[in-house]
Amino acid sequence: RHVLRFGVALLGARITAEQLAGLGAGSIAMVAGGVVATILFGALVGRLLGRPGTEGILTGGAVAICGASAALAISAVLPKSDANQRFTLFTVVGVTALSTVAMVVYPSLVKLFGLDANAAAVFLGGTIHDVAQVVAAGYLISPEVGDGATFVKLFRVAMLLPVVAVVSLLFRNGAPAGKKPPVLPGFLVGFAVLVAVNSLGLIPQPVTDVASGLSRWCLVVAIAALGVKTSFQQLAALGWRPVAMLAVNTVF
């Protein structure tokens with residue numbers, strides 16, 4: 001759990017206010033609205049399929065923000081249980097698989113619909129789940145689209161801060177007295193501080209690269225730790241509904 005939270009905090013070192021401002025008000029509003037709508041849609045789909053509310057929020061947030069990283073970050077502030085841990089691992093595996101499919105398919109959709117470079121960047125950066133797959137899909141088309149899609153994606157990553165804070169607050173209110181987590185978890189404070197420091201140009205590029213790599217390794221370790229506590233039989237016991245939740249959210 002500590003390694004996971006440290007890894008999420010380090011994601012902030014990849015983002016600057018200048019990158020986000022460079023997207024323009026229209027793109028920012030579109031992407032932010034898409035993130036909120038996808039999370040709400042995920043909660044609705046989970047409810048319609050009779051799954052716990054935590055699962056709808058987790059799948060919606062994973063698809064809306066940044067795939068496996070978002071699933072792990074949101075899971076860190078949800079009530080702790082074996083069922084939630086199993087569902088988190090399933091979500092990480094499922095959203096990564098869907099993100100890989102999107103990386104291959106979405107560039108073809110860009111060409112099919114004749115999108116220009118700006119529209120292609122917003123489409124790829126605003127819909128593909130994981131950062132690495134966004135980068136790959138964007139540069140498959142052109143360096144311009146690759147750069148733009150990466151910036152759009154980083155804005156979605158920045159949405160982790162308000163989304164996880166809201167989720168933490170929601171479940172904090174329902175927690176028993178004496179067991180309530182802080183309103184703003186420490187790893188989110190670290191995330192925000194690193195964004196601010198990086199925006200001021202105080203983090204050299206080599207340090208940013210090291211922090212980015214270390215963040216990825218921390219998240220890999222967290223996923224492996226979840227795997228140690230889960231079996232394929234337990235994942236299979238979840239049934240078809242979680243698969244449908246992820247797929248329908250992705251299409252949305």
Enumerate the residues in region 132-173 having an amide nitrogen under 14 Å from the point lying 7 Å beyond the Cα of Asp116 toward its Cβ. 145
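Which of rounded, prolate, oblate describes region 131-252, given a ≥ b ≥ c as roots of the alpha-carbon gyration tensor eigenvalues and a/c under 1.5 marking rounded, otherwise prolate only if a/b is larger than b/c?
Judged from the Cα gyration tensor, region 131-252 comes out oblate (a/c at least 1.5, b/c at or above a/b).
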Would you mind getting the accessible area per residue of region 1-123, heavy atoms of the protein chains only, 1.4 Å probe, in Å²? 43 Å²
Gain on full stretching of the segment that runs from Ala21 to Phe252 - 0.36 nm per residue minus C-alpha separation: 80.5 nm
If you roll a 1.4 angstrom probe over the protein chains with everything in place, what fraction of the accessible area of the chain belongs to carbon and sulfur, to the nearest %? 70 percent
Do you know the relative contact order of region 99-252, to the nearest whole percent, from alpha carbon pairs under 8 angstrom that are 6+ apart? 14 percent
Surface accessible to a 1.4 Å probe, Trp240 within the full protein complex, Å²: 150 Å²
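Mean Kyte-Doolittle hydropathy of -0.5 or higher plus an axial Cα length of 24 Å or more: which whole DSSP H helices in the chain meet both?
Answer set is 25-48, 82-112, 205-228.
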Run the reach check for Lys229 against aspartates and glutamates, Cα to Cα strictly under 20 Å, same-chain hits fewer than 8 apart removed. What comes back? Glu55, Asp82
Extended-chain gain in nm, criterion 0.36 nm per residue less alpha-carbon gap, Trp240 and Tyr139: 32.9 nm
Would you list, by chain and number, the aspartates and glutamates whose Cα falls below 16 Å from the Cα of Lys111, excluding same-chain residues fewer than 8 positions away? Glu144
Roughly what would the spin-label model give for Ser212 and Ser108, points 7 Å off Cα along C-beta, in nm? 2.9 nm
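The values are calculated or read from the model by the stated rules, or taken from the named source; none is laboratory data. No experiment lies behind these values; they were computed from the predicted model shown. Positions of Cβ are backbone-derived with ideal geometry, glycine not excepted, and every protein chain shown enters the neighbour counts. Surface accessibility is based on the protein's heavy atoms, side chains included, excluding ligands, DNA and RNA. Shrake-Rupley method; radii C 1.70, N 1.55, O 1.52, S 1.80 Å.
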